[in-house]
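A.B. asks: This is the structure I want to talk about, given as structure tokens.
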Amino acid sequence: MEKKVAIIGAGLSGLIACKYVLETGFQPVVFEADEGLGGQWRHTIESTKIQNPKQDFQFVDFPWDSSVKEDNPNNQQVQAYFHAYAQRFGIVPCIRFNSKVIDIDYVGESEEDIKSWELWNGDGTPFGSKGTWHITVQDTKTFSTEVHKAEFVILCIGKYSGLPNMPEFPHGKGPEVFKGKAMHSMDYAALDNKVAAELVKNKRVTVVGSGKSALDVATEIADKNGVNYPCTMIQRTVHWFLMDFNIWGFSLAFLYFNRFGELLVHKPGENLLFSLVATLLSPFRWGFGKLIEIYLKSKLPLKKFGLLPKHSFHYDMYKCTFGVLPDLYFDKLKEGSILIKKSQTVTFCNEGLIIDGEAKPIESDIVIFATGFKGDQKLKSIFKSPTFQSYIKTPTNVTVPLYRQILHPRIPQLAIMGYAEALSNIYSNEMRCQWLARFLDGNIKLPSVKEMEKDVKVWEETIKQYDRKWNSCIVTCGIWYNDQLCKDMKCNHLRKKSAFKELFEPYGPADYNGLVEK
């Protein structure tokens, strides 16, 4: 009997997962709550562009169309690119739109038996147990529900969508006392462009946050309202932001995103030689970071606007909290259409927000919180089983504990995609999906559950050397990670044409084209 594979989510990782599962011979069903594909890219603000150069943000076997001339395509171009990909590889017929997954429940194996397994899923294979997943799906138009069954589930629900992270406020000092409108950036981004423009037009808007989305929202609002209604940004922590991925005309990829760059950092599971090299070359790593800081301080008026971070550039890189500035961001600061305020806390009053050190409130008509998402909690809540919920995040884990950033050692017949961040989430997700397809096809053998858990712990402890609150950012050892996947798939992990290029040339999507013979 044919095994059923269900994919939850038709965003970037869901599309890629569907493509590779189809190529393996399965007929997956993709449940998507929205009425269209693309995930969070369907709900970005009008001015959103990709941060990477497009050659680093593309599918390994489906490059951008030659008609796209921009180095950093905008959100409309990205959505068109995703649609073309879905059409090219026959993904669209697999998607059930307006189908929201309420929860998933594993039926057929007792939790006691699952806990006793020495091998994942009982025998280390994707379909080794007699259990099935029961998927409760709600039609978002009729609100009727159905239960679908599948032998394997791939969760592609997105880490940065769906469940916003909102600050907690003391009683009587939250949005309920504010006469204006308070919302999360997710809700603002979901608005039609014309509706969003009308909402903020000639309004006093305050944006709370210091990440990429906060800068994007503030810049867009400042562009619409100008100096007559400046947008105020309240930031708790200042982060490093680049103008692009070049310093003095030299690509950062040659400093960080090649094998030489990865020699400078300790990597999970490295041998004594690699450990020694990383220790000896650590001054180069420090020097690269300082070089970037010097460049940014020379090019941008960071001190003038109080935007000089107190931590190093590497701190943001290891946490994946650095980014690329929106177009004209500093021009908006200079003209006064964006105002910066610093505060560790904010509370509401009738007129707006009260911040540290200022008795007078920041008068506002609209407050937008660009304060991130609760990705782990969102993932946790989709499981019906309290035991499986407890596996997603425990007091001893700083992130979702996944073997190869794909499988939880204790949750059978299920994969989780999109929870590890890399330089480009397209080809990093493609690597994982190719690995998963090979696993589903019976071509990858897993170690024991204890060995899987040990490997997860090694990754966590190694990267915590650089980021004590590791949030699954693997940007500094992405090639090392891909090497592991290649070895599992019995593919050559050395993708360049010479030893010199292998060491010093940056890696990108094109290097992994034709990885697995079809």
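A.B. asks: With no solvent and one point on each alpha carbon, what is the Debye value of log10 I(q)/I(0) for segment 393-513 at q = 0.14, 0.17 Å⁻¹?
C.D. replies: Relative scattering, expressed as log10 I(q)/I(0), comes to -0.62, -0.91.
A.B. asks: When the Cα centres of segment 453-518 and segment 320-363 are compared, how far apart do they sit, in Å?
C.D. replies: Segment 453-518 and segment 320-363 have Cα centres separated by 38 Å.
A.B. asks: With labels modelled as points extended 7 Å from the Cα through the Cβ direction, what inter-label distance (nm, one decimal) is found for K384 paired with H83?
C.D. replies: The answer from the label model is 3.7 nm.
A.B. asks: Related question: Based on the Cα coordinates of segment 139-196, what is the per residue volume of their convex hull in Å³?
C.D. replies: 192
A.B. asks: Report the Rg/Rh value for segment 22-162, based on alpha-carbon coordinates and the Kirkwood definition of Rh.
C.D. replies: Rg divided by Rh gives 1.05.
A.B. asks: Below 8 Å, C-alpha to C-alpha, sequence gap of six or more: please give me the relative contact order for the chain in percent.
C.D. replies: 22
A.B. asks: Another one. Using only alpha-carbon positions, what ratio does the radius of gyration of segment 260-357 give when scaled by 2.2 N^0.38 Å?
C.D. replies: That works out to 1.52 for segment 260-357.
A.B. asks: Something else now. Given a Förster distance of 41 angstrom, what is the FRET efficiency for K115 paired with V177, based on the Cβ-Cβ distance and rounded to 0.05?
C.D. replies: 0.25
A.B. asks: Please find the FRET efficiency linking N193 to H493, where r is the Cβ-Cβ separation and R0 is fixed at 35 Å, and quote it to the nearest 0.05.
C.D. replies: Efficiency for this residue pair is about 0.20.
A.B. asks: Now, a different point. Just to confirm the filter: which trypsin sites (Lys or Arg not before Pro) across segment 383-477 are DSSP coil and have at most 14 other Cβ within 10 angstrom of their Cβ?
C.D. replies: K445, K464, R468, K469
A.B. asks: Another question, if that's okay. Treating each Cα of the chain as an identical point scatterer and ignoring solvent, apply the Debye formula and state log10 I(q)/I(0) at q = 0.08, 0.11, 0.13 Å⁻¹.
C.D. replies: After summing over all Cα pairs, the log10 values are -0.53, -1.04, -1.42.
A.B. asks: For segment 1-107, calculate the relative contact order in percent as a whole number, restricting contacts to Cα pairs under 8 Å that are 6 or more residues apart.
C.D. replies: Once divided by the residue count of segment 1-107, the mean separation gives 35 percent.
A.B. asks: Please enumerate, by chain and number, the lysines with C-alpha under 19 Å from the C-alpha of K490, excluding those fewer than 8 residues away in the same chain.
C.D. replies: Partners found: K445, K518.
A.B. asks: Next question. With every protein chain kept in place and ligands, DNA and RNA left out, what is the accessible area per residue of the chain? Probe 1.4 Å, answer in Å².
C.D. replies: 45
A.B. asks: Using a 1.4 Å probe over the heavy atoms of the protein chains, calculate the carbon and sulfur portion of the accessible area of segment 184-304 as a whole percent.
C.D. replies: Here carbon and sulfur together make up 60 percent of the probe-accessible area.
A.B. asks: Right, next: Please check the chain for the longest run free of GluC sites (Glu not before Pro) that are loop-located per DSSP (anything but H, G, I, E, B) and have at most 14 other Cβ atoms within 10 Å.
C.D. replies: That would be 169-357.
A.B. asks: With r as the distance between the Cβ atoms of K501 and I340 and R0 = 51 Å, compute the FRET efficiency 1/(1 + (r/R0)^6) and round to 0.05.
C.D. replies: 0.70
A.B. asks: Let me ask something additional. Would you mind pulling out the separation of the Cα centroids of segment 54-97 and segment 142-162, in Å?
C.D. replies: 23
A.B. asks: Which entries in K173/K378; K4/K115; K267/K319; K149/K384 show an alpha-carbon gap greater than 18 Å?
C.D. replies: In this structure, K173/K378; K4/K115 exceed 18 Å between Cα atoms.
A.B. asks: T345: net charge of surrounding residues, Cβ under 15 Å, Lys/Arg +1, Asp/Glu -1, itself excluded?
C.D. replies: Here the charged neighbours net out to +1.
A.B. asks: Continuing with the same structure: Report, as a whole number in µm² per second, the diffusion coefficient that Stokes-Einstein gives for segment 1-85 at 20 °C and 1.002 mPa s using the Kirkwood radius over alpha carbon pairs.
C.D. replies: 153
A.B. asks: Hey, another quick one. Using helices alone, I'd like the mean residue ellipticity at 222 nm for the chain: each DSSP H run of four-plus residues gives -39500 (n - 2.57), total over residue count, nearest 500.
C.D. replies: One gets -9500 deg cm²/dmol as the mean residue ellipticity at 222 nm.
A.B. asks: Restricting everything to alpha-carbon atoms, can you work out Rg to Rh for segment 174-237 with a Kirkwood hydrodynamic radius?
C.D. replies: 0.94
A.B. asks: Another question, then. Need the list of aspartates and glutamates near K304 for cross-linking: C-alpha distance under 18 angstrom, and skip anything on the same chain fewer than eight residues off.
C.D. replies: Cα-Cα hits under 18 Å: E293, D331, E335.
A.B. asks: For segment 183-287, take N as its residue count and report Rg(C-alpha) divided by 2.2 N^0.38 Å.
C.D. replies: Rounded to two decimals, the normalised Rg is 1.63.
A.B. asks: So how much slack lies between D441 and F274, counting 0.36 nm per residue of separation and subtracting their Cα-Cα distance, in nm?
C.D. replies: 56.8 nm
A.B. asks: Continuing with the same structure: Report the extension gain between K464 and K149 in nm, rounded to one decimal, defined as 0.36 nm multiplied by the number of residues separating them, less their alpha carbon distance.
C.D. replies: 109.5 nm
A.B. asks: Counting alpha carbon pairs within less than 8 Å and at least 6 residues apart, what relative contact order, in whole percent, applies to segment 3-59?
C.D. replies: Normalised by residue count, the contact order of segment 3-59 is 36 percent.
A.B. asks: Taking the alpha-carbon distance from K299 and a cut-off under 17 Å, which lysines remain once sequence neighbours fewer than 8 residues away in the same chain are dropped?
C.D. replies: Partners found: K290, K332, K334.
The values are calculated or read from the model by the stated rules, or taken from the named source; none is laboratory data. Keep in mind it's a predicted model, so treat the numbers as computed, not measured. We place every Cβ from the backbone using ideal geometry, glycine too, and count neighbours over all the protein chains shown. All accessible areas refer to the heavy atoms of the entire protein, side chains included, with ligands and DNA or RNA removed. Shrake-Rupley method; radii C 1.70, N 1.55, O 1.52, S 1.80 Å.
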